[in-house]
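The structure under discussion is supplied below as structure tokens; questions concerning it will follow.
The values are calculated or read from the model by the stated rules, or taken from the named source; none is laboratory data. Just so it is clear, the structure is predicted and the values come from calculations on it, not from any experiment. Positions of Cβ are generated from backbone atoms using ideal geometry, with glycine treated the same way; all protein chains shown enter the neighbour counts. Just the protein is used for accessible areas: all its heavy atoms, side chains included, with ligands, DNA and RNA removed. Shrake-Rupley method; radii C 1.70, N 1.55, O 1.52, S 1.80 Å.
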Amino acid sequence: MATGQPEPEPLRALIEALRGLPGVGVRTARRMAYHLLQSDPDGALRLSDALRDAVGGLQHCERCNSFSQTSVCATCQDAERDGSVLCVVETPADQNMIESSHGYQGLYYVLMGHLAPLEGVGPDQVHFARLLQRATDGVVKEVILATNFTAEGETTAYYLADMLRSRGLTVTRLARGVPSGSELEYVDAGTIAWALMERRAS
């Protein structure tokens, strides 16, 4: 049975690197690699330079743990933010989504992950001790847990809530409910169930 021509090692390495991205399988990785090399070599070089600059030029903010070019990021340095409220998120992308709502003026802590016991990711791997130190600085009064509503995110929120409340902090959880502008017949049953559980007076 005939086999295709073997791919050169640099091409194979590029495909394997692209496969490491979330949601990218071998077919998509191969398509991306061929596109970059065949149709957009300048774009491939720009991508390479941008990745090198990002990896070499970014660090974790000493206060919120998000990505920053300086030891303390611009958000943490902003004197107009409310330092008494700390919002805990899993990733910098989650932080950006909350910022884009323009409805939150407190500060953040980015976990850079979540608990996943089956994968061997526990409190030490997610550096909960560092969050605890940040939250008990004497300024923070309320911690908003804005982890994702996945099994791992819920486990993380439950663990953190217990840990933070035992230190005398007010702990709240990001509310779940029906999205604004939705029609109930198109909303999934789980979302409606949570909305009913978290209903409030109007």
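Please get the size of the charge dipole for the stretch 1-150, origin at its Cα centre, with Cβ charges of +1 on Lys and Arg and -1 on Asp and Glu, quoted in debye to the nearest 20.
Once rounded to the nearest 20, the dipole reads 320 debye.
Using only helices, what value at 222 nm comes out for the chain when you add -39,500 (n - 2.57) per DSSP H run of length 4 or more and divide by the total residues, to the nearest 500 deg cm²/dmol?
-13000 deg cm²/dmol
While we're on this one: Solvent-accessible area per residue for the chain at a 1.4 Å probe radius, Å²?
Numbers: 13410 Å² over 202 residues.
Result: 66 Å² per residue.
Give me the number: length gained by fully extending Phe67 to Leu196, i.e. 0.36 nm times residue separation minus the C-alpha to C-alpha distance, one decimal in nm. Intermediate results must be reported in sequence, preceding the final value.
Values: separation 129, 0.36 × 129 = 46.44 nm, distance 3.69 nm.
The span from Phe67 to Leu196 would gain 42.7 nm if fully extended.
Please tell me the relative contact order of the chain in percent, rounded to the nearest whole number, where contacts are Cα pairs under 8 Å and at least six residues apart.
13
Then there's this: What percent of all Cα-Cα pairs in the stretch 99-202 falls into each 10 Å bin, going from 0 up to the bin containing the maximum distance?
All Cα pairs considered, the percentages come to 12, 39, 33, 15, 2.
Given the options Val24, Val88, Val72, state which has the largest fluctuation in a GNM of the chain using a 10 Å cut-off (strictly under) for Cα springs.
Val24
Compare Ala161, Ala93, Ala33 in a GNM of the chain, Cα atoms joined below 10 Å, and give the one with the largest fluctuation.
Ala33
Same structure again: Would you mind computing, in nm to one decimal, how far apart the modelled labels at Tyr186 and Val26 are, each placed 7 Å from Cα along Cα→Cβ?
It works out to 3.9 nm between the two label points.
Extending each Cα 7 Å along its Cβ direction at Asp162 and Asp137, get the distance between those two points in nm, one decimal.
2.7
With a ≥ b ≥ c the root eigenvalues of the C-alpha gyration tensor of the stretch 145-202, is it rounded (a/c under 1.5), prolate (a/b larger than b/c) or oblate? Let's see the in-between values first.
On the way: a/c = 3.31, a/b = 1.93, b/c = 1.71.
Because a/c hits 1.5 or more and a/b exceeds b/c, the stretch 145-202 counts as prolate.
Let me know the shape class of the stretch 116-174, please: from the alpha-carbon gyration tensor, a ≥ b ≥ c as square roots of the eigenvalues, rounded when a/c is under 1.5, otherwise prolate if a/b is greater than b/c, or oblate.
oblate
At 7 Å along the Cα-to-beta-carbon direction for both Ala129 and Thr155, put a label point, then send me their distance in nm to one decimal.
So the two model labels end up 2.2 nm from each other.
Using the Karplus curve 6.51 cos²θ - 1.76 cosθ + 1.60 with θ = phi - 60°, work out ³J(HN,Hα) for each residue of the stretch 154-165 in order, rounded to whole Hz, and write x for Gly and Pro.
Karplus-based 3J(HN,Hα) across the stretch 154-165 equals 5, 4, 4, 4, 4, 5, 5, 4, 5, 5, 6, 5 Hz.
For Thr75, Thr155, write out the residues from largest to smallest accessible area, computed with a 1.4 angstrom probe and no ligands counted.
Thr155, Thr75
OK, next. Leaving ligands, DNA and RNA out of it, report the carbon-plus-sulfur percent of the accessible area of the stretch 63-202 at a 1.4 Å probe. Numbers along the way, then the final one.
Values: 4520 of 8430 Å².
That fraction is 54 percent.
Which one is right for this structure if Cα extents along the principal axes in Å is calculated from it: (i) 60, 43, 31; (ii) 63, 48, 34; (iii) 68, 48, 35?
Evaluating Cα extents along the principal axes in Å on these atoms matches (iii).
Using the Cα centre of the chain as origin and beta-carbon charges of +1 (Lys, Arg) and -1 (Asp, Glu), tell me which of Leu118, Pro22, Pro8 is placed farthest towards the positive end of the dipole.
Checking the options against the dipole of the chain, the answer is Leu118.
Right, another one. By its C-alpha gyration tensor, with a ≥ b ≥ c as the square roots of the eigenvalues, how is the stretch 42-161 shaped: rounded for a/c under 1.5, else prolate for a/b larger than b/c, else oblate?
Cα axes put the stretch 42-161 in the oblate bin.
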